[in-house]
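Here the structure is laid out as structure tokens; the discussion comes afterwards.
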């Protein structure tokens, strides 16, 4: 369970990896920085602004937290669900 956390928009001073899509966030690009404390310790991660917006829109997937590549995983699942709905499997 989350005890506290903050997020803010930053301009990166070095290269970071976006936790949502696992792609590079170049130096000098705006990103969302999350940090805080949960039951098992501290966390911090960076997100592309687009990945952050995607995660806000699909927040029902993040009850148990964020994981590496979570945006990619959710997009793949959504595409698979749409395929099955279209083909009535």
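The values are calculated or read from the model by the stated rules, or taken from the named source; none is laboratory data. Small disclaimer: the values here were computed from a predicted structure and weren't measured. For neighbour counting, all protein chains shown are included, and Cβ atoms are generated from backbone atoms with ideal geometry for every residue, glycine included.
I'd like to check something: does segment 74-85 contain any residue that is part of a helix (DSSP H, G or I), modelled with pLDDT under 90, surrounded by 11 or more Cβ atoms within 10 Å (Cβ to Cβ) and in contact with a helix residue (DSSP H, G or I) (Cβ under 8 Å, 6 or more places away or on another chain)?
For segment 74-85, residues part of a helix (DSSP H, G or I), modelled with pLDDT under 90, surrounded by 11 or more Cβ atoms within 10 Å (Cβ to Cβ) and in contact with a helix residue (DSSP H, G or I) (Cβ under 8 Å, 6 or more places away or on another chain): absent.
I'm checking my understanding of the structure. Among residues of segment 46-60 that are surrounded by fewer than 17 Cβ atoms within 10 Å (Cβ to Cβ) and in contact (Cβ under 8 Å) with a residue 12 or more places away in the chain, which one is nearest to residue 10 (Cα to Cα)?
First, pick out the residues of segment 46-60 that are surrounded by fewer than 17 Cβ atoms within 10 Å (Cβ to Cβ): 49-50, 53, 56-60.
Still in the list and also in contact (Cβ under 8 Å) with a residue 12 or more places away in the chain: 49, 58.
On the way: 49: 10, 58: 22 Å.
Within segment 46-60, the match that is nearest to residue 10 (Cα to Cα) is 49.
In segment 1-16, how many are modelled with pLDDT of 95 or more and either under 10 Å from residue 34 (Cβ atoms) or not in a loop (DSSP other than H, G, I, E, B) (or both)? Before the answer, list the steps.
Start the filter on segment 1-16 by keeping residues that are modelled with pLDDT of 95 or more, which leaves 8-16.
From what's left, either under 10 Å from residue 34 (Cβ atoms) or not in a loop (DSSP other than H, G, I, E, B) (or both): 8-11, 16.
Of the residues in segment 1-16, 5 are modelled with pLDDT of 95 or more and either under 10 Å from residue 34 (Cβ atoms) or not in a loop (DSSP other than H, G, I, E, B) (or both).
Anything in segment 16-37 that is surrounded by fewer than 19 Cβ atoms within 10 Å (Cβ to Cβ) and closer than 18 Å to residue 69 by Cα? List them, or say none. Spell out how you get there, then give the answer.
Step one: list which residues in segment 16-37 are surrounded by fewer than 19 Cβ atoms within 10 Å (Cβ to Cβ), which gives 17, 22-24, 26-30, 33-37.
Within segment 16-37, 17, 22, 23, 24, 26, 33, 34, 35 qualify.
If you take the residues of segment 17-46 that are within 13 Å of the chain's Cα centre (by Cα) and outside any strand (DSSP E or B), which of them is farthest from residue 74 (Cα to Cα)?
Taking the candidates together, the pick is 23.
If residue 64 satisfies every condition in (1) modelled with pLDDT under 85; (2) within 22 Å of residue 6 (Cβ to Cβ); (3) in a helix (DSSP H, G or I) but one, which is the exception?
Checking residue 64 against (1) modelled with pLDDT under 85; (2) within 22 Å of residue 6 (Cβ to Cβ); (3) in a helix (DSSP H, G or I), the one that fails is (3).
What number goes with the only condition from (1) surrounded by fewer than 15 Cβ atoms within 10 Å (Cβ to Cβ); (2) in contact (Cβ under 8 Å) with a residue 24 or more places away in the chain that residue 12 does not pass?
Of everything listed in (1) surrounded by fewer than 15 Cβ atoms within 10 Å (Cβ to Cβ); (2) in contact (Cβ under 8 Å) with a residue 24 or more places away in the chain, residue 12 misses just condition (1).
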